[in-house]
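Down below is the structure, laid out as C-alpha cells.
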Amino acid sequence: MYDVVIIGAGVSGSASARELSRYKVNACVIEKAEDVCSGTSKANSGIVHAGFDANEGSLMAKLNVEGNLMMEELSKELDFPFKKNGSLVICLSKDDMPKLQELYDRGIKNGVKELKILNKEEVLELEPNITDDVYAALYAPTGGIVCPFSLNIALAENANTNGIEFKFNTEAQDIEKIDGGFIIKTNQGDIKTKYIVNAAGVYADKFHNMVSENKINITARKGEYCLLDKTAGNHVSRTIFALPGKMGKGVLVSPTVHGNLIVGPTSTDIDDKEGVNTTREGLDTVIGKSSMNVKNLPMRQVITSFSGLRAHEDHHEFIIEELEDAKGFIDCAGIESPGLTSSPAIGKMVANILKEKLNLEENPNFVGTRKGILDPNTLSLEERNQLIKEQPAYGNIICRCEMITEGEIIDAIRRPLGAKSLDGVKRRTRAGMGRCQAGFCSPKTMEILERELNLSMFDITKAGGDSNMVLGLIKDSI
Ligand SMILES: Cc1cc2nc3c(=O)[nH]c(=O)nc-3n(C[C@H](O)[C@H](O)[C@H](O)COP(=O)(O)OP(=O)(O)OC[C@H]3O[C@@H](n4cnc5c(N)ncnc54)[C@H](O)[C@@H]3O)c2cc1C
C-alpha cells in the first residue's frame, strides 16, 4: 500500500511530488499519458504572473504571489529557463482608467511589489511597439516568463531522483474507499493507497465527485495561440496584456524564454475535455485582438498554432484541501491560470497537508538540485570543442532550426523519466520546435530513439498511444 498516490503528472502533480520527496514517504504519481507534462501544463502562455489579477483574499491570489516569489530560486535549483521580464497591462482610453486602477489596488492588496501606473510616454519609452493609442499601463516588474515544459519536467525528474515513483500509461478509472485508504482502479490494475492527491487537471471534478457528495464542476475553457518565429522575438520585451474581461486576462503578446513571440490566448468554454484543436475563428480572434495593443505584429512569421484547456471551476478558485466527507482524499482542483506560476506554492501546500496527516519525517537523502540538459550553445568555443572531442555526438546537429545536437537528445532519453517519443524529445531539448516544426529532424530523432530504446521504427510514436510515426513500408504495397 502506498502512503500517497498523486493522480496526474502535470505541473501541480509534479510540484506536489517534488515537495513530498523532501520526506520519507512511499509515494507514486500515476499519469494516463506516456510522459509528464502532457495536459494543460504543456499548452499555456508560460507567464509567471505578478499576482494582481486574482481576487483579494483568494487562495489563487495567495499562491500566485508566493509562486512568483519562489520561481527564480527554483529555476536556479532545478536549472530551467526563467526570466523576470516584467509585464504591462495596456489601457487604451481615459474611460478605462478605473479598471486599471482597480488592478493596481488589487495587486497592492495581494502583496505585489513594485507596481506602477505609467503614462503614455513612459509606456512607449519602454516598449516602442505598443500602439500609439495607448493611454496608460500598469507596469509589474516582477512578472516573468518560464519554459512550462522544462519547469514540469524538472520538478518530476527531481521528485523521481528523490524516490517518488512514476507510472505512465496508467489511467485512473475508478476509486473505491476501503478501511484506511482507497483502491484506485486503473487500466494497469488496482493500486492501494492511504492518501490520494487529485491533480488530474480538467478531469479533477470526475475524481472529486467519485468520493464526495459536495459535487464540483470543471469546464474546459479553451485558449488558442499563434507562436511566431525567433525573428519576431524582440518585437516586445515585456509581456503585454490587455485589460482583463469577464472570461479572463485577454489576449497577450509576449516573448518566450527561448526567444519566440507568443500571441494569444482566446477564451471559449467547450464540452470536449480533449478538444485541443485550433480553429480558424479562434486564430482570427487572436490576430485581431493582439493588434489592438501592439502595432506592426509580424503575423507572417507564425510557425505554429496550438491550444490548451483551462480547468475552470465554477467558483474560479483553486481547491486544495482534504475533503471533509472523504478523509484521505486531497483535491488539487480548479488549477486554471495562474496555476503554472503558483505551482511551486501549490506543491508546498499539498506536501504540508500530507506531512501533517502522515506525520512524515524528513528525507535525509533529499537532493534539492538538478542539472538540466547541457546546451552546447552556452559553452565557449574551446569548451565546445573539448566536449565534442570527448563525446562526438555533441558535434552532430540534428535539429537545424534550434541547433540541437545528438548529444542533447541522447541525454534527454537517458536521464530519469527520460523521453520515449518525438514529443518527449521535443519538450526536453527543443528539437522540432523551430521554424520547420520537425520537418527535417523527425526521421533523425526517430533513429536515435530506435537505437537508444532498442525499439523498432514501427514502435516510435509522436506522443505515445497509437500516434505511431511509421505505419508501413511503401515497398510492401508495391
Ligand atoms: C490557455 C492557457 C493559458 C495559460 N497561461 C498560463 C500562464 O501564462 N501562467 C500561469 O501561471 N498559468 C497559465 N495557465 C494555467 C496553467 O497552465 C495550469 O494551471 C496548469 O498547467 C495546470 O496544471 P495541472 O497539473 O493542474 O494540470 P495538467 O497539466 O492538465 O495535468 C493533469 C494531468 O493529469 C492527467 N490525467 C487526467 N486524467 C487522468 C487519469 N484518469 N488518470 C491518470 N492521469 C490523468 C493528465 O494526462 C495530465 O497530465 C494557462 C492555461 C491555459 C489553458
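Each value in this text was obtained by applying a stated rule to the coordinates, not by laboratory testing. Please read all numbers here as calculations on a predicted model, not as lab measurements. Backbone-built Cβ (ideal geometry, glycine too); neighbour counts: all protein chains shown.
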Measuring from centroid to centroid over Cα atoms, what is the spacing of region 177-197 and region 239-272 in Å?
-> 38 Å
Using a Förster distance of 22 angstrom, determine the FRET efficiency expected from the C-beta separation of ASP375 and SER467, and round it to 0.05.
-> 0.20
Spin-label proximity, ASP325 to region 186-217 - amide N less than 17 Å from point 7 Å beyond Cα toward beta carbon = 205-217
Note on the chain: helices (DSSP H) long enough, at least 24 Å by alpha carbon along their axis, and hydrophobic enough, mean Kyte-Doolittle at least 0.5, are none
For region 356-390 and region 402-478, distance of Cα centres in Å = 23 Å
Isolated Cys residues of the chain, judged by Cβ distance under 4.7 Å to other cysteines | CYS28, CYS37, CYS91, CYS147, CYS226, CYS332, CYS401, CYS436
Antiparallel bridges, percent of DSSP beta bridges restricted to the chain (to nearest 5) = 75 percent
Rounded to two decimals, what ratio of Rg to Rh does the chain give with C-alpha atoms and a Kirkwood Rh?
-> 0.97
Before anything else, pin down the relative contact order of region 376-477: Cα pairs under 8 Å, at least 6 apart, normalised by residue count, whole percent.
-> 20 percent
At q = 0.14, 0.18 1/Å the base-10 log of I(q)/I(0) from the Debye formula over the alpha-carbon atoms of region 376-477 is -0.54, -0.84
Estimated inter-spin distance, SER58 and GLU390, nm [label 7 Å along Cα→Cβ] = 4.9 nm
How far apart, in nm, are two points set 7 Å out from the Cα along the Cα-to-Cβ line at LYS24 and at MET299?
-> 6.1 nm
Please work out the C-alpha center-to-center distance from region 280-300 to region 8-26 and express it in whole Å.
-> 39 Å
